[in-house]
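As structure tokens, the structure follows; a few thoughts come after it.
Coordinate-derived values only; no laboratory data. Note that the coordinates shown come from a computational prediction; the quantities given were computed from them, not determined experimentally. FYI the Cβ positions are ideal-geometry reconstructions off the backbone, even for glycines, and counts take in every protein chain you see.
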Amino acid sequence: MKRRFFAQELFELRNAVPVDALIENVLNIPVKQSDGVFRFLCPVCNEFQTATNLFTNLARCFCCERNFNPIDLVMIAKGVDCDERRNALKEMLNRIGKLVGGAS
Ligand SMILES: [Zn+2]
């Protein structure tokens, strides 16, 4: 039961959270605008050769050629181990709920 509930939370996190808002406002990853494009500091290689795609809700680093979904970003940015993931993600969801406007 708990596991299924957690899966639901992951689904919401993956799909409902704008990846750029997650990066900038929740994870506090450094960002900048370059030629009108939102770029973030890649948490893997520390380069700004990045972009986000709000249609797929993925972030991409062109330097290390990785795609990050919101869950990947939380894991990498927070560096949480397996035991801590659930709590870390729940905390994220609570904060995101406030950010995106009042989801309970
Ligand atoms: Zn990178």
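Scanning the stretch 21-31 for residues that are within 16 Å of the ligand (Cβ to nearest atom) and assigned to a loop (DSSP other than H, G, I, E, B) yields L27, I29, P30.
Listed by first and then second residue, the pairs with beta-carbon distance under 7 Å, at least 6 apart or on different chains, first residue in the stretch 30-49 and touching a residue at least 12 places away in the same chain (Cβ under 8 Å) and more than 15 Å from E65 (Cβ to Cβ), second polar (S, T, N, Q) and within 8 Å of the ligand (Cβ to nearest atom), are R39/T50; F40/T50.
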